[in-house]
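Only the coordinates and a few stated rules stand behind these numbers; no lab work does. Please read these numbers as outputs of a predicted model, since none were measured by experiment. Quick reminder, even Gly has a Cβ in these numbers, built from the backbone with ideal geometry, and neighbours come from all protein chains shown.
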Number of protein chains: 2
Amino acid sequence: MIKEITEKKERLKTYMKQKGFKSTRQRDIIASEFFKCEDHITAEDLYIKINKRHKDIGSTTVYRTLKLLAESGLATARVFADQLTRYEPVSEDEHHDHLICLDCGSIIEFEDPKLERLQEKIASEFGFSIVDHNMEFYGYCRDCKR
Amino acid sequence: MIKEITEKKERLKTYMKQKGFKSTRQRDIIASEFFKCEDHITAEDLYIKINKRHKDIGSTTVYRTLKLLAESGLATARVFADQLTRYEPVSEDEHHDHLICLDCGSIIEFEDPKLERLQEKIASEFGFSIVDHNMEFYGYCRDCKR
DNA sequence: TCTTTATTGAAAATGAATTTCAATTTCCTT
DNA sequence: AAGGAAATTGAAATTCATTTTCAATAAAGA
């Protein structure tokens with residue numbers, strides 16, 4: 001777990017070097033905190049979390065660093081129905097989708113190869129070459145549907 | 001086609017009466033224009049369209065009326081990756097999904113019952129009761145992928 | 001017609017995200 | 001280690017879509 005984070009930070013460093021970006025204390029702290037935190041966090045929420053221990057790191061830098069992480073391929077940005085940009089760490093290759101509870105707001109991830117295959121098939125029918133896709137269910141989770 | 005619009009406007013009137021809302025010239029014009037225009041329009045774009053002929057209708061009212069249409073079930077609000085809210089007329093019962101070209105921005109609708117069935121199955125596996133879902137492919141369309 | 005209540009439009013407010021800019025820091029190169 | 005070019009930072013300002021406020025107006029039932 002710790003190893004995974006170190007590995008990701010290593011990848012980030014490589015990416016930055018390659019792009020001529022500099023590693024900084026702030027980026028290091030923000031990336032660590034991001035990799036360790038729960039999924040689907042907004043820049044604002046991550047800022048609040050970080051700001052508790054690091055009063056000198058501004059929200060602007062958090063926004064910027066999350067964007068950098070997304071560009072480097074280590075995070076994915078998503079926009080759900082509430083229109084906020086949320087980031088989640090990229091987990092290797094597999095794609096997953098989301099079940100979002102309209103009551104408690106919890107986000108459940110799932111993955112289904114059959115769904116993935118079907119998606120590919122549909123896209124190719126339209127001559128579309130897919131770069132990314134996004135699928136969300138909105139409804140009520142087991143606990144909230146009472 | 002004209003008949004369809006009249007019918008939709010009738011439904012809107014019923015909804016408004018039931019809710020104690022009032023029908024106004026503005027709402028009538030905005031709804032007509034919306035039902036007749038191309039899909040996936042933003043409030044801003046619809047406002048620009050309407051403003052050409054009706055200088056006295058403000059953008060605020062367009063925003064408000066589109067929201068009203070969504071509440072009444074005659075329109076659906078969607079947020080894609082660009083974070084703008086787009087509205088589309090609701091077409092009876094069937095659900096459709098979207099292919100979005102990252103180059104030209106065109107939005108292709110499609111519908112696949114197999115996909116719908118699979119989605120239902122997945123949701124029930126998680127004990128989720130679905131209210132709505134949303135699925136988008138991002139990529140390059142036939143024309144843009146060169 | 002009268003009167004209540006909703007609606008309207010302009011302007012102000014909101015809120016997420018981005019940009020600006022001067023001060024600071026990183027990371028080469030000597 | 002020191003110097004210097006170039007990137008980064010944080011605060012404040014800016015943007016831009018959307019929402020709210022509020023006084024004036026319009027709708028619709030009595």
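Helix B:43-53 versus the longest principal axis of chain B: what is the Cα-based angle in degrees, 0 to 90, to the nearest 10? The two axes meet at around 40 degrees. When only alpha carbons of the protein assembly as shown are considered, Rg and Dmax amount to 22.0, 65 Å. Sorted shortest first, the separations between the B:Arg25 label point and its copies elsewhere in the assembly read 6.5 nm; each point sits 7 Å from Cα along the Cα-to-Cβ line.
Rounded to the nearest 500, the helix-only mean residue ellipticity at 222 nm of chain B stands at -14500 deg cm²/dmol, with each DSSP H run of n ≥ 4 adding -39,500 (n - 2.57).
Is there a pair in A:Lys13/B:Lys121; B:Lys9/B:Lys52; A:Lys145/B:Lys9 whose C-alpha atoms are over 30 Å apart, and which pairs would that be?
Beyond 30 Å between Cα atoms: A:Lys13/B:Lys121; A:Lys145/B:Lys9.
Taking the longest Cα principal axis of chain A as reference, the axis of helix A:59-72 is set at about 60 degrees. The convex hull defined by the C-alpha atoms of the range A:1-50 has an orientation-averaged projected area of 3.7 nm². Residue ranges B:9-18, A:134-143 sort as A:134-143, B:9-18 when ordered by packing (mean number of other C-beta atoms within 10 Å per residue, highest first).
For A:Lys36 and A:Ile108, the difference between the fully extended length at 0.36 nm per residue and the C-alpha to C-alpha distance is 24.1 nm. Put simply, the range A:34-96 fits an ellipsoid with semi-axes of 20, 13, 11 Å; these come from the alpha carbon gyration tensor as the roots of five times its eigenvalues, largest first. Inter-chain neighbour count for B:119-128: the average number of beta-carbon atoms from partner chains within 10 Å of each residue's beta-carbon is 5. In this structure the amide hydrogen of A:Leu84, modeled in the peptide plane, comes within under 5 Å of no amide hydrogen from residues 5 or more places off or on another chain.
Can you quote the Å³ per residue value for the convex hull of the Cα atoms in chain A, rounded to an integer?
150 Å³
Indicate the gyration tensor shape class of the range B:97-139 (rounded, prolate or oblate), computed on the Cα atoms with a ≥ b ≥ c the square roots of the eigenvalues: a/c under 1.5 is rounded; otherwise a/b larger than b/c is prolate and the rest oblate.
Working: a/c = 3.37, a/b = 2.53, b/c = 1.34.
Cα axes put the range B:97-139 in the prolate bin.
Nearest beta carbon of chain B to the B-to-A rotation axis, with distance in whole angstrom: B:Met135, 2.
The residues neighbouring B:Phe137, those whose beta-carbon lies less than 10 Å from its own, together hold a net charge of -4 under the Lys/Arg +1, Asp/Glu -1 convention.
The residues neighbouring B:Ala81, those whose beta-carbon lies less than 13 Å from its own, together hold a net charge of 0 under the Lys/Arg +1, Asp/Glu -1 convention.
Can you figure out the FRET efficiency of B:Thr60 with A:Glu92, using R₀ = 45 Å and their beta-carbon distance, to the nearest 0.05?
Efficiency, rounded to the nearest 0.05: 0.45.
Counting charges near A:Asp28 (Lys, Arg +1; Asp, Glu -1) among other residues having Cβ under 12 Å from its Cβ returns a value of +4.
Sorted from shortest to longest, the distances between the B:Pro113 label points of this copy and the other copies are 2.8 nm, with each point 7 Å from Cα along the line through the beta carbon. Remark: mean inter-chain Cβ contacts per residue of A:133-145 equal 6, using a 10 Å Cβ-Cβ cutoff to other protein chain atoms. If you line up the long axis of helix B:113-125 against the longest principal axis of chain B, both from Cα atoms, how many degrees apart are they, to the nearest 10? Roughly 80 degrees, rounded to the nearest 10.
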